[in-house]
Amino acid sequence: MIPRDRRRDQEVPSGLAHRYGTARMEAFSDGVFAIAITLLVLEIGLPPNANEDLLAAILAQWPSYLAFAVSFSTIGAIWIAHSAITEHLDRADPNLLRLNLLLLLVVSFLPFPTRLLAEHIEFRDAERVAVTIYGLWLLFASAMLSVLWRYALHAKLISDTSKDEEIQLLTRRLTPGLAGYLVLLATGLVVPFVAVIGYLAIAIFFLVPARTLRAVRKRSG
């Protein structure tokens, strides 16, 4: 009778011993995304003297609302892109899991630069520093997302059922963000507020379905 451990080794095809399913990676990632996006609202609050003029106090928190909108949209866009990536995966390997953890590290830390942005966007010198740190963190997130996808392609972890057109479309969708963030980082050194609006525009671009974008291009052409 063959021992259980030896039988298990014989059942695993050569080269696949360190390949995993994606269900646990997806579930863990979804949990991190949900927590990070929820923590953003905790940064919104009113000063102790808000009762004196509640409406004015609420309106005065516009930097927090703006920072929340940009970060919420960005995390949402990353989650959608991450969902698209995992939808095409047939399996995962240890390196993909580690890259996914790095992406989650960046996402889970995003509430901190969001708070920096909300607290310093009205102060001229501090605004540049806050917007630059914020932009760098968004660039890191975009870069990690692109690296995750390109590694999956390189390691041939993509499902055989995925169409070439879908793979190429996703690759193109993940590319513009990197260049956009680099341009906005330079813009933020001169006009920080414009850079923040640009970060929101990039997030909205990724939130819009690809089919809608193609339809708009056809009409404009």
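The values are calculated or read from the model by the stated rules, or taken from the named source; none is laboratory data. Small disclaimer: the values here were computed from a predicted structure and weren't measured. All Cβ positions, even for glycine, are placed from backbone atoms using ideal geometry, and neighbour counts span all protein chains on display.
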query: With 115, 128, 91, 98 as the choices, which residue is among the charged types (D, E, K, R) and without any contact (Cβ under 8 Å) to a residue 12 or more places away in the chain?
result: 98
- prompt: Being among the small types (Gly, Ala, Ser) and surrounded by fewer than 13 Cβ atoms within 10 Å (Cβ to Cβ), is that true of even one residue in the range 46-59?
  reply: yes
- prompt: How many residues does the range 173-203 contain that are among the small types (Gly, Ala, Ser) and surrounded by fewer than 21 Cβ atoms within 10 Å (Cβ to Cβ)?
  reply: 5
- prompt: Only one of (1) part of a helix (DSSP H, G or I); (2) surrounded by fewer than 20 Cβ atoms within 10 Å (Cβ to Cβ) fails for residue 160. Which number is that?
  reply: (1)
- request: Go through (1) within 23 Å of residue 112 (Cα to Cα); (2) in contact with a Lys or Arg (Cβ under 8 Å, 6 or more places away or on another chain); (3) not small (Gly, Ala, Ser) one by one and return the number of the condition residue 20 breaks.
  value: (1)
message: Looking at the range 167-200 only, could you name the residues that are over 16 Å from residue 77 (Cβ atoms) and not in a helix (DSSP H, G or I)?
response: 189, 190, 191
task: Output the residues belonging to the range 115-142 that are closer than 17 Å to residue 198 by Cα and either of a type in the set (Gly, Ala, Ser) or part of a loop (DSSP other than H, G, I, E, B) (or both).
output: 118, 121, 130, 135, 141, 142
message: For the range 143-157, which positions are over 17 Å from residue 78 (Cβ atoms) and assigned to a helix (DSSP H, G or I)?
response: 153, 154
- request: Quick one: in the range 138-180, of everything that is without any contact (Cβ under 8 Å) to a residue 60 or more places away in the chain and aromatic (Phe, Trp, Tyr), which residue is nearest to residue 71 (Cα to Cα)?
  value: 140
Residue ID - farthest from residue 62 (Cα to Cα), chosen from residues in the range 100-114 that are surrounded by fewer than 19 Cβ atoms within 10 Å (Cβ to Cβ) and more than 12 Å from the chain's Cα centre (by Cα): 101
query: Can you name the number of the only condition in (1) out of contact with any Phe, Trp or Tyr (no Cβ under 9 Å at 6 or more places or on another chain); (2) within 18 Å of residue 180 (Cβ to Cβ) that residue 120 fails?
result: (2)
task: Take residue 45 and decide whether it is within 26 Å of residue 130 (Cα to Cα) and either at pLDDT 90 or above or assigned to a helix (DSSP H, G or I) (or both).
output: no
